[in-house]
Amino acid sequence: MLIQRFTIAVWLILTCGSPLLARQPNVIVIVADDLGYGDLGAYGGTEIPTPNIDSLARNGVRCTNAYVSGPYCSPTRAGLLTGRYQQRFGHEFNPGPPNENNTHAGLSTRELTMADRMRATGYLTSLIGKWHLGYTDEFHPLNRGFQSFFGFLEGAHPYFPDRQGNRLLMRGHKEVAESAYFTSALAREAVHYIRDHQQEPFFLYLAFNAVHMPLQAPPELVQRFESISNPRRRTYAAMLAAMDDAIGSVLDQLRQSGIEDDTLIVFLSDNGGPAVNASSNGQLRGHKATTWEGGIRVPFIIQWKDALPANKVYDAPLIQLDLLPTALAAAGEETTPDMKLDGVNLLPYLKGETEAVPHRNLYWRFGQQMAIRADHWKLVRGRGESKQLLFDLDNDPGERNDLAERHPEKVAELRKLWSEWNQELVKPAWGPTKMDAETP
């Protein structure tokens, strides 16, 4: 009789499934906008406390050589959501402000998004925050794999309610008004979404517009940073603190729902900090919209308590293109060659299951600017340079000492590799705007 009961129990588990074993992990990708590399506590910042973001590093993996494939907003997001270098499908520049001249500018409809692919595996999908991948209906998030959307379509948005902000803000396809400080509103929406869908696997793309211009923060938050003498830096600090508080609300809700351990959480910035918002890229050279390290190296933290080690530092180069195959792998889905992905599944690397590195080479093309990183070497033509420079990033992450004349053979090798990659790309589908040329 005991054997018979055991057999029945095993049969029930195999046929009905065990909720504890069968449930796919949730995936949350949190993107900051224009965050300085050196402004988080986890990356050496001391001026602005970021305890909630830092907790992700304490409970997960902090990546020190993480990159984005575009040095500013829209191209990075196109690469993130497709897992492919965005230059392969012409998304090299921002689409510019919405007008009748750029209705064709947006994330190519020939590309599948992370939301498309996660939805196909049975996930619920939601975008909360910034889109910046096209303004017309064919590019709308609800037509690109997301089942719900609260946010805005443009590249920037005011933080306090006003007529323009209300006109631009959308829930689904409908324009809506908002009374809260916008960073707090995004936190509210994310908390509600997690609470309402805690029983189902979900993919949440939480794309903050903080700490992008305009510099706006609640007075009570600004008062936290009276010790910062620069008024612009003081407001920036308050904006970053508001985003950290918002992320803390998300983490609190995951804990209350009992699903934090089984949620893969990624935090990163879409590019390096620009000078205009008083951010700091620490020792890195350059800023947003450049292929110097200060434009393309970003904070990148991954927490998944059920699967990844805690308080680990990972130093090998990786890129935001890796997020799509990593999310699919977490969901139990294999990538295939026909997907033509440039990203790779990071999980075996972060778990220490392999001594290999995710990428031998990483590449950038941004108009006349270019770069390639191969191991610790980087060949780059950044803004303001007429020639390509060579740096040893292990010993010179600030890109101060050009070694091109001392290592002409390495220059030739990297130039050849970059040229071969460049031949695989297409021409930009639209050109840079005047604002692109002026972005500091």
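The values are calculated or read from the model by the stated rules, or taken from the named source; none is laboratory data. Since this is a predicted model, take the numbers as computed values, not measurements. With ideal geometry, Cβ positions are generated from the backbone for all residues, glycine too; neighbour counts draw on all protein chains shown.
Observations on the model:
- Put simply, of PHE150, PHE160 the only residue that is touching a Lys or Arg at 6+ places or on another chain (Cβ under 7 Å) and either assigned to a loop (DSSP other than H, G, I, E, B) or not small (Gly, Ala, Ser) (or both) is PHE150.
- Consider the range 352-390 and keep the residues that are over 30 Å from ALA307 (Cα atoms) and among the polar types (S, T, N, Q). The one that is surrounded by the most Cβ atoms within 10 Å (Cβ to Cβ) is GLN369.
- Scanning the range 349-374 for residues being free of Cβ contacts under 8 Å to residues at least 40 places away in the same chain and either over 20 Å from the mean Cα position of the chain (by Cα) or over 23 Å from ARG297 (Cβ atoms) (or both) gives a total of 6.
- For ARG88, the conditions (1) in a loop (DSSP other than H, G, I, E, B); (2) closer than 23 Å to GLU420 by Cα all hold with the exception of (1).
- Selection of the range 337-378 for residues being charged (D, E, K, R) and not in a helix (DSSP H, G or I) yields LYS340, ASP342, LYS351, GLU353, GLU355, ARG360, ARG365, ARG373, ASP375, LYS378.
- Condition met for VAL426 (β-branched (Val, Ile, Thr), out of contact with any Leu (no Cβ under 6 Å at 6 or more places or on another chain), at pLDDT 95 or above and not assigned by TED's automatic domain parsing to the domain that holds ALA278): yes
- Residues that are free of Cβ contacts under 8 Å to residues at least 60 places away in the same chain and either in a strand (DSSP E or B) or within 27 Å of the chain's Cα centre (by Cα) (or both), drawn from the range 379-413: LEU379, GLY384, LEU389, LEU390, PHE391, ASP392, ASP394, ASN395, ASP396
- Residue within the range 189-207 that is small (Gly, Ala, Ser) and assigned to a helix (DSSP H, G or I) present: yes
- Residue match in the range 309-327 (condition: acidic (Asp, Glu) and not in a loop (DSSP other than H, G, I, E, B)): yes
- Checking each residue in the range 240-273 for being surrounded by fewer than 19 Cβ atoms within 10 Å (Cβ to Cβ) and either in a loop (DSSP other than H, G, I, E, B) or aromatic (Phe, Trp, Tyr) (or both) picks out SER257, GLY258, ASP261, ASP262.
- ASP342 vs. criteria assigned by TED's automatic domain parsing to the domain that holds SER55, surrounded by fewer than 24 Cβ atoms within 10 Å (Cβ to Cβ) and either of a type in the set (D, E, K, R) or on the phi > 0 side of the Ramachandran plot (or both): yes
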